[in-house]
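Worksheet: one structure, shown below.
What follows is calculated from the coordinates using simple rules that are stated; it is not laboratory data. No experiment lies behind these values; they were computed from the predicted model shown. Don't worry about glycine lacking a Cβ; one is built from the backbone with ideal geometry, like all the others, and counts go over all protein chains shown.
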Amino acid sequence: MRFHVGSDHGGVMLLDVLVAELAQWGLPVLSRSGPAVASERVDYPNIAVQVCQRVLQDRQGQAADVFGLLVCGTGQGMAMTANKIPGIRAGVVADVFSAQMVRAHNNANVLCLGERVTGVGLAKLLLRGFIDATFEGGRHLNRVELIGSLTRPVGEGS
Ligand code: RB5
């Protein structure tokens, strides 16, 4: 699994930790968007869009192992923005079961976390749970396609 990652100022420190964790796990970070320091304030929607566009571009090139990781203060703004983008399924999670299920049942391709609500140790477990889970397909496939039908441009197939 490979990641495009990004944060706003509210997520820089947690993202630093998670990028280091990904390196330890041998999982490549393809790009990072957002400030390098928390004192540089940015608007999280711009970061979310940049990261999601990179994820989609790689996935359209058949790189199904490319995912997005977005961190802001709560994860919520990143997820709200990401889910506006056709083809992106983003979930903000704060428990390990949801981190697994958001992939297993919802086929998420972007994970959103909140630095101000999730401790570092838990955040590492959440990321690991997301990474280790796989989409179960089956009865969940149609449901995920129903989600996609809400943002798909008119006339575009599945
Ligand atoms: C920035 O202060 C904060 O609003 C942002 O990081 C995030 O929590 C938004 O959802």
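Here the relative contact order of region 1-150, from alpha carbon pairs under 8 Å that lie six or more residues apart, stands at 24 percent. Stretched out straight at 0.36 nm per residue, the stretch from Glu145 to Ala133 would grow longer than its current Cα-Cα span by 2.4 nm.
When each of Ile88, Ile147, Ile131 is scored by the number of other beta-carbon atoms lying within 10 Å, the sequence from fewest to most is Ile147, Ile131, Ile88.
Under the rule of -39500 (n - 2.57) per DSSP H run of 4 or more residues, summed and divided by the residues of the chain, what mean residue ellipticity at 222 nm is obtained, to the nearest 500 deg cm²/dmol? Let's see the in-between values first.
Details: 6 runs with 70 residues, N = 158.
Taking each H run of at least 4 residues, the total per residue is -13500 deg cm²/dmol.
Here's how it looks for Val42: its modeled amide H is under 5 Å from those of His9, which are all 5 or more places away or on a different chain.
Starting with the highest mean, order 21-29, 50-58 by the number of other Cβ atoms within 10 Å, averaged over the residues of each peptide.
Per-residue Cβ counts within 10 Å, averaged per peptide and sorted highest first, yield 50-58, 21-29.
Alpha-carbon geometry of the chain: the Rg and the Dmax are 14.6, 46 Å, given in that order.
Can you sort Ser7, Ser31 from fewest to most other Cβ atoms within 10 Å of each residue's own Cβ? Please report the intermediate quantities before stating the final value.
Working: Ser7 32, Ser31 15.
Ordered by Cβ neighbours within 10 Å, fewest first: Ser31, Ser7.
Put simply, the amide H of Arg2, placed in the peptide plane, has neighbours under 5 Å in Val66, Phe67, leaving out anything fewer than 5 places away on its chain. A dipole drawn for the chain from +1 and -1 charges on Cβ atoms has a positive end, and of Ile88, Ser39, His4 the residue lying farthest that way is Ile88.
Amide hydrogen proximity for Gly75: with H placed 1.01 Å from N in the peptide plane, the residues at 5 or more positions away or on another chain lying under 5 Å are Glu115.
Charge dipole (Cα centre; +1 on Lys/Arg Cβ, -1 on Asp/Glu Cβ; no other charges) of region 41-158 amounts to roughly 120 debye.
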